[in-house]
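Heads up: the structure comes next, in structure tokens.
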Amino acid sequence: MENIYSNRRLFISGFFILVIFIYILRLFFLQIIDSSYKLSAENNVFRHIVQYPSRGLIFDRHGKLMVYNQSVFDVVIVPNEMKAFDTLLFCKIVDIDKLELINKLKEAKKFSTYKPSIIIQLLDFKRYSLLQESLYKFQGFFTQARTIRTYDKPLAASLLGYIGEVDDKAIKENPYYRIGDYIGISGIEKSYEEVLRGKKGVKIFMVDVHNRIKGSFKEGKFDSVAIVGSNLTTSIDLKLQEYGESLMKNFKGSVVAIEPSTGEILALVTSPTYDPNLLVGQQRAKNYRILQLDKNKPLFDRAIGAMYPPGSTFKLVDALIALQEGVITPQTVLPCNGGFRVGSFFQACHGHGGAVDFTRAISGSCNAYFSQVFMRILNDSKYDSIGLAYANWRKHLMDFGIGRKLNTDLSHELKGILYTKDRWDKIFGNSRWRPLRLVSMAIGQGELGITPLQLANVSAAIANRGYYYIPHIVKAINQKDSIDKRFYIKQKLNINQEYFEPVIEGMEMVVKAGTATVAFLPQIAICGKTGTAENPHGEDHSIFIAFAPRDNPKIAIAVFVENAGFGSTVAAPIASLMIEKYLTDSISRPYLEERIFNTKLKYE
Amino acid sequence: MERSSNILKRLDWITILIYLFLVIFGLINIYAAVYNEQYSSIFDGSQRYGKQLLWIAIAFVLIIIVLIIDGRVYEVLAYPIYLGTILLLIAVLLFGKEVNGARSWFEFGSIRFQPAEFTKLATALAIARLMSVHDYKINRINDLAKVGLLIIIPVSLIILQNDTGSALVYAAFLVVLYREGLSPWYLILIMLFGVLFILSLVTDLFNVFIALPILALIIFHLIYQNIKLTLIGLGIFIFACLLLVLNHYFLHFKGEYVLAVGIIFSLIVLAYPAYVKRIKHYGMISFILIGAMAFTFSVEYFFNHVLEIHQRTRINVVLGLESDPLGVEYNVRQSKIAIGSGEFTGKGFLQGTQTKFQFVPEQDTDFIFCTVGEEYGFIGTFIVLGLFAALILRIIAIAERQRSKMNRIYGYGVASILFFHVAVNVGMTMGLAPVIGIPLPFFSYGGSSLWAFTLLLFILLKLDTTRMDKF
């Protein structure tokens, strides 16, 4: 049946087709051209859950555990899964105030009703087990395990260092880190961060609209497994470290002991120190502030971070350089009239008089002798000027590791003070060098600064008769000798081996009949040298450097005790006791030990 | 008569094949949308796909019944059926169960039934019956009012049920009226008021009042090409605007009131020359202009003073004036993500993450099209939309080949209703249409809508088989 309006059929059909065509066009853009929706869908559904590896353990050289990880537990709440529960029981189990609990629940609800929030941190294992038993009564509460660093004994705090949450800077520098990750901040934890941390893994889960985990994506095909951090074996002898810390308990200062044949650091004592367990977990920030405000600066690692004038211990170095440069021989005898006098300049000496030979100059620590030796070094006619002679002398010192970083595996190592020739050129200006201006350096005073670690290394180099290995704290990674190559390379001094014997002879005499007879041990040939660093601010610092036994030395040591006076008073006994402890594992002189334990110095 | 064999031959099998494909593909998508590993059997009656399977079975029974019943009964029973569904609508208002804020469901045990779905069918039949009467003239105001009444009664009842979405579907009948000769002016007028409605919400009343007379002048000028009159009109309008400036400095009435007064004044002034020149539609244009202003004003008033805040928000979100990321906007956003993430070939059956993890609300009912988009990609959406287009065009073709006027009008009713549902439902999943919650025919979960659409379609097919029968 025809109808005048039947042409409207076309218009209607056209309209329908147009609309559907527009829809298909829109779908084409939505589904094929615009790829952002795919991303949005993935963001909706994928949750990347980071798998944290446990951090590597740290052992001492004998395999004794020093640092390990302990599981602690956080209690987590998902507010919309929570049902009414016995608050009193809950508070009793986890030891929390009811009011605090209510506040924390409120906060959690404010954060999100379906995402988990931590409400109690670091529950210990006992409370965790209790809670776990009755967790079914507390709907919506969950526990999650975390690990914190734990220290078997409260030792070697600053050497081990501590870990903390990464800051923005570290995140920017290294894309590995994410907010909330932990990173080594000082000590071994810092210098071996990459070894200790292992490698994070990631698990990809799919979640539904309520953020509930629905399963892993493609059966974990794209997941990566966390790789556990490597274990470190340090070179520390825990017994020696512990003994050193106990000897230094009453003092400010530092003891560094090195195994000369390898450069391995046996003990690295700084005092005062702190219990490393203070700087883990929840209390870290609070305790850190307390330690930071402590006027004795327990956080300050004196072993690598404090500079002292080396005092008379420096005479050993001077003697070796002078012998090498040929300005003296082991037979050189020089006058000492109770001091060193040039014109109006006078440097006092100890109570020995007349002519002094090489050995006695060392054992008696003769200032006059070494002042003259130093003048000979500077005025050496081999060199065109005093400045060049100085530069050569300085080069020898650098060979010893003085005035530069040793490039150890410790973080925050200090360089020390050793002026360059240029610097003195500037000080003297246009005028000629005045060697007398420098002469106090002959006896380790003046423009010199050395860290206990550097001095211990000097001791090791002498013990080895002319070379050393860069001191290092880590012996093996995962029980393999995979530490950096530089620690296996012999660092040679530019001093002939023959010159060491006379110096070492002098050092043995220091202990047998010289300034440090207090350190004498009948059964072990200890070679040492006392030092006293003048301290303009108070009592002088007591210094002792030693190695033992004389032949085939097993330990080289440097001891600094602040404000303890002569080297022989405190530093020498401590060194002697530590050597004995290390070599014989016993103490034959309890009276000496007693004396050290009972010495109390006044530090303001 | 060898009717039963004849009817199978005469049935339009293209339509039936498309229908079967859509129903089955719909079931597959419902299965994916509510998939639950614990109850993975599609025959599991405790799950929606199991139930949908049952609804489909019942729909097939309904098809057989429709095909058996004599096609002529619809002419006789059109009004009684219409009356019956209207009574059901009233009954549901009194005794129905409220679901999602709409009181549009009867509940018998675990089975829910939505009478409004069937009212569409009944209205389509009733309109066809009414308009097929021999001396029916649609542009005659009496006859137009009759068909208007047939439409407005169910619309009002459904709005009373608080199910505006379902009520809007009846706008589809405009297409039917247009096909049967309704003057396009009515459609233009309705569109004008639609635009005005949106404008009054989008911009200030003042702007609308400034724009309307200018528009009227332009139309006036286009129709009559009389420069002099147009200039006079413009002059008066400018004078009214000057009044506005004066008002701004001295009187401080609301600008739109002054404008309204100015416009009415200029219409009165212009009336005389218009009368002298015997300009035919001057009255009409003036009337529409004033009507439009009154309409805009009342919409604005209604919107700001009568509607509750949440209702206002909802309209504003649909119009894109307000952002509501966790409400309606959330649905649309998640739905777009689902469709968009399907890309060209889709993620595969049961692999849609948006679908599986319930990111899109109502995904088995109103938002079922997302599942198609996500799991079958552009290929899937193209095929489904293409099939719907083919189905609708086929229905139009069927309607046009009817000798009986009633059958043709009914056929257009079927096509228009299907089109409206597809356009709005698919449009809302892509953010092209407001979210008014109407099902995708044959696809969405739900017995009532499936049965209603099945009956709608198969009554037409039945009527089609009888088109060659002699009267």
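The values are calculated or read from the model by the stated rules, or taken from the named source; none is laboratory data. Fair warning: this is a prediction, and the values are worked out from it, not measured in the lab. Neighbour counts run over all protein chains shown; Cβ positions are idealised from the backbone, glycine included. For the accessible areas, the whole protein counts, side chains as well, though only heavy atoms, and no ligand, DNA or RNA atoms are used. Shrake-Rupley method; radii C 1.70, N 1.55, O 1.52, S 1.80 Å.
Annotations for the structure displayed:
- Residue check for residue B:444: away from every other protein chain (no Cβ under 11 Å), surrounded by 21 or more Cβ atoms within 10 Å (Cβ to Cβ) and touching a helix residue (DSSP H, G or I) at 6+ places or on another chain (Cβ under 8 Å): yes
- Taking every residue in the range B:344-364 that is facing another protein chain (nearest Cβ under 10 Å) and farther than 20 Å from residue B:41 by Cβ and pairing it with any residue that is open to solvent by 20 Å² or more (accessible area, probe 1.4 Å) and part of a loop (DSSP other than H, G, I, E, B), at least 6 positions away or on another chain, the pairs with Cβ-Cβ distances below 6 Å are B:357/A:209; B:358/A:209; B:359/A:209.
- All positions within the range A:295-312 that are basic (Lys, Arg) and over 27 Å from residue A:528 (Cα atoms): A:295, A:297
- Some residue of the range A:342-353 being without any contact (Cβ under 8 Å) to a residue 24 or more places away in the chain, on the phi > 0 side of the Ramachandran plot and assigned to a strand (DSSP E or B): no
- Residue A:128, sole failed condition from (1) open to solvent by 80 Å² or more (accessible area, probe 1.4 Å); (2) free of Cβ contacts under 8 Å to residues at least 60 places away in the same chain; (3) among the hydroxyl-bearing types (Ser, Thr, Tyr): (1)
- Check on residue A:349, open to solvent by 10 Å² or more (accessible area, probe 1.4 Å), in the same structural domain as residue A:446 (by TED's automatic domain parsing) and touching a strand residue (DSSP E or B) at 6+ places or on another chain (Cβ under 7 Å): yes
- From the options B:192, B:182, residue that is in contact (Cβ under 8 Å) with a residue 24 or more places away in the chain and in a helix (DSSP H, G or I): B:192
- Selected residue (criterion: most open to solvent (accessible area, probe 1.4 Å)) from residues of the range B:365-407 that are more than 8 Å from every other protein chain (Cβ to nearest Cβ) and of a type in the set (Phe, Trp, Tyr): B:376
- Qualifying residues in the range A:290-329 (those that are open to solvent by 50 Å² or more (accessible area, probe 1.4 Å) and charged (D, E, K, R)) - the one farthest from residue A:445 (Cα to Cα): A:294
- Among the candidates A:150, A:143, the residue that is β-branched (Val, Ile, Thr), surrounded by fewer than 19 Cβ atoms within 10 Å (Cβ to Cβ) and within 29 Å of residue A:63 (Cβ to Cβ) is uniquely A:150.
- Note on the range B:430-439: among residues that are touching a residue at least 24 places away in the same chain (Cβ under 8 Å) and facing another protein chain (nearest Cβ under 10 Å), the one that is farthest from residue B:386 (Cα to Cα) is B:431.
- Any chance residue B:406 is touching a Leu at 6+ places or on another chain (Cβ under 7 Å), in the same structural domain as residue B:174 (by TED's automatic domain parsing) and over 21 Å from residue B:451 (Cα atoms): no
- Within the range B:189-202, the presence of at least one residue that is within 16 Å of the chain's Cα centre (by Cα) and within 14 Å of chain A (Cβ to nearest Cβ) is confirmed.
- Residue check, residue A:411 modelled with pLDDT under 90, open to solvent by less than 10 Å² (accessible area, probe 1.4 Å), of a type in the set (Gly, Ala, Ser) and in a loop (DSSP other than H, G, I, E, B): no
- So residue B:410, is it in contact with a Gly (Cβ under 9 Å, 6 or more places away or on another chain) and more than 10 Å from chain A (Cβ to nearest Cβ): no
- Residue B:365 vs. criteria of a type in the set (Val, Ile, Thr) and within 25 Å of residue B:106 (Cβ to Cβ): yes
Every residue, every condition in (1) buried (at least 21 other Cβ atoms within 10 Å of the Cβ); (2) assigned to a helix (DSSP H, G or I); (3) free of Cβ contacts under 8 Å to residues at least 12 places away in the same chain, yes or no:
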| site | (1), (2), (3) |
| --- | --- |
| A:510 | yes, yes, no |
| A:538 | no, no, no |
| A:542 | yes, no, no |
| A:558 | yes, no, no |
| A:581 | yes, yes, no |
| A:592 | no, yes, no |
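- Breaking point among (1) within 25 Å of residue B:360 (Cβ to Cβ); (2) free of Cβ contacts under 8 Å to residues at least 60 places away in the same chain, for residue B:411: (1)
- The residue list A:38, A:98 contains one member that is within 14 Å of chain B (Cβ to nearest Cβ) and of a type in the set (D, E, K, R), which is A:38.
- Meets criteria (of a type in the set (Val, Ile, Thr) and either open to solvent by less than 80 Å² (accessible area, probe 1.4 Å) or assigned to a loop (DSSP other than H, G, I, E, B) (or both)) for residue B:76: no
- When residue A:575 is tested against (1) touching a strand residue (DSSP E or B) at 6+ places or on another chain (Cβ under 8 Å); (2) under 17 Å from residue A:242 (Cα atoms); (3) outside any helix (DSSP H, G or I), just one condition goes unmet, and that condition is (3).
- Unique residue being more than 10 Å from chain B (Cβ to nearest Cβ) and at pLDDT below 90 when the list is A:4, A:33, A:49: A:49
Table: residues versus (1) open to solvent by less than 10 Å² (accessible area, probe 1.4 Å); (2) touching a strand residue (DSSP E or B) at 6+ places or on another chain (Cβ under 6 Å); (3) not acidic (Asp, Glu).
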{"position": "A:248", "(1), (2), (3)": "yes, yes, yes"}
{"position": "A:253", "(1), (2), (3)": "yes, yes, yes"}
{"position": "A:256", "(1), (2), (3)": "yes, yes, yes"}
{"position": "A:260", "(1), (2), (3)": "yes, yes, yes"}
{"position": "A:275", "(1), (2), (3)": "no, no, no"}
{"position": "A:280", "(1), (2), (3)": "no, yes, yes"}
{"position": "A:288", "(1), (2), (3)": "no, no, yes"}
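- A residue that is open to solvent by 40 Å² or more (accessible area, probe 1.4 Å), within 30 Å of residue A:432 (Cβ to Cβ) and not aliphatic (A, V, I, L, M) occurs nowhere in the range A:362-370.
- Residue match in the range B:55-69 (condition: among the hydrophobic types (A, V, I, L, M, F, W, C) and in contact with an Asp or Glu (Cβ under 9 Å, 6 or more places away or on another chain)): no
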